[in-house]
1. For the stretch 108-132, name all the residues that are over 9 Å from THR89 (Cα atoms) and open to solvent by less than 60 Å² (accessible area, probe 1.4 Å).
2. Taking only pairs six or more apart or across chains, which ones have beta-carbon atoms under 7 Å, a first residue in the stretch 157-168 that is open to solvent by 40 Å² or more (accessible area, probe 1.4 Å), and a second residue that is of a type in the set (Val, Ile, Thr)?
3. Do any residues in the stretch 72-83 that are within 15 Å of PHE203 (Cβ to Cβ) have Cβ atoms under 6 Å from those of residues that are in a helix (DSSP H, G or I) and modelled with pLDDT of 95 or more, where the two are at least six apart or on different chains, and which pairs are they?
4. Evaluate the following for ARG172: is it open to solvent by 70 Å² or more (accessible area, probe 1.4 Å) and either within 18 Å of ALA70 (Cβ to Cβ) or part of a strand (DSSP E or B) (or both)?
5. Among the residues of the stretch 43-63, what is the count of those that are of a type in the set (Asp, Glu) and assigned to a helix (DSSP H, G or I)?
6. Anything in the stretch 142-165 that is touching a strand residue (DSSP E or B) at 6+ places or on another chain (Cβ under 6 Å), closer than 18 Å to LEU76 by Cα and at pLDDT 95 or above? List them, or say none.
Amino acid sequence: MKDTLKHRGMRNKLAEIVEAKGITDKKVLEAIKTIPRHLFLDSGFEDHAYQDKAFPIGADQTISQPYTVAFQTELLQVKPNDKILEIGTGSGYQTAVLLHLKARVYTIERQQELFKKTKLFFTKMGYRPKKMIFGDGYKGLPEEAPFDGIIVTAGAPEVPKALMSQLKVGGRLVIPVGENEQVMTLFLRKSEKEFEKRELGAFRFVPLLEDKN
């Protein structure tokens, strides 16, 4: 599949929709305009790639709605060279957005079929996360901690303690918390012991599963 002028036009429209819904971070909007989302979907979904909707990508997973990706990314406040841990690589679209913002991305996926597919796709597209790992996102990545930011792209019934502990002081954890419907939650690490918590509205995600490898 190619990336054409038509695709670019559709992306510009998508960025406008996302902006109209309240996203103000210019760098995030630029990422939405730049990244060829249609290449992250099976070719049958190509026509849907630039609608502001989530879509199935196999292994009972979805590619998140562009607005959700933009919303979570904006909350992270990524600066160039930030060390970011992503839980749930999925299609790799969110990873690509973080790479576009010049973050150093460590990403974990627990679905083997998806892991292999996305890893291959990254190689083909020239996307280079620092590490792409097949494993249990609940445990985080202690050997690479601490992180400037951690982003979880699946609904968690509660916040994994491991992720809290792997956040740098001053770092941000963005995680959808809840069973059937999730509340987007931002944790700011104020000190070794102290976190500030902000709840930012309801979203729906596929569940984050523990020990399912």
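1. Scanning the stretch 108-132 gives GLN111, PHE121, PHE122, GLY126, TYR127, PRO129.
2. GLU158/VAL177
3. Cβ pairs passing all conditions: THR73/VAL28; THR73/VAL97; GLU74/VAL28.
4. On the way: open to solvent by 70 Å² or more (accessible area, probe 1.4 Å): no; either within 18 Å of ALA70 (Cβ to Cβ) or part of a strand (DSSP E or B) (or both): yes.
Considered against the rule, which asks whether it is open to solvent by 70 Å² or more (accessible area, probe 1.4 Å) and either within 18 Å of ALA70 (Cβ to Cβ) or part of a strand (DSSP E or B) (or both), ARG172 comes out as no.
5. Filtering the stretch 43-63 down to residues of a type in the set (Asp, Glu) leaves 46-47, 52, 60.
After this cut, where a residue has to be assigned to a helix (DSSP H, G or I) as well, the list is 46-47.
The total comes to 2.
6. Matches in the stretch 142-165: PRO146, PHE147, ASP148, GLY149, ILE150, ILE151, LEU163.
To keep it simple, each residue is scored yes or no on (1) open to solvent by less than 40 Å² (accessible area, probe 1.4 Å); (2) of a type in the set (A, V, I, L, M, F, W, C); (3) at pLDDT 95 or above.
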site: LEU5; (1), (2), (3): no, yes, no
site: THR24; (1), (2), (3): no, no, yes
site: VAL28; (1), (2), (3): yes, yes, yes
site: LEU39; (1), (2), (3): yes, yes, no
site: GLU46; (1), (2), (3): no, no, no
site: ILE57; (1), (2), (3): yes, yes, no
site: GLY90; (1), (2), (3): yes, no, no
site: HIS100; (1), (2), (3): no, no, yes
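Conditions tested, residue by residue: (1) of a type in the set (A, V, I, L, M, F, W, C); (2) within 17 Å of PRO176 (Cβ to Cβ).
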{"site": "GLU46", "(1), (2)": "no, no"}
{"site": "VAL69", "(1), (2)": "yes, yes"}
{"site": "PRO80", "(1), (2)": "no, no"}
{"site": "THR89", "(1), (2)": "no, yes"}
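The values are calculated or read from the model by the stated rules, or taken from the named source; none is laboratory data. Bear in mind the structure is a predicted one, so any value in this text is a computation, not a measurement. Here Cβ is always computed from backbone atoms with ideal geometry, including for glycine, and neighbour counts include all displayed protein chains. Note: accessible area is taken over every heavy atom of the protein model, side chains too, but ligands, DNA and RNA are not part of it. Shrake-Rupley method; radii C 1.70, N 1.55, O 1.52, S 1.80 Å.
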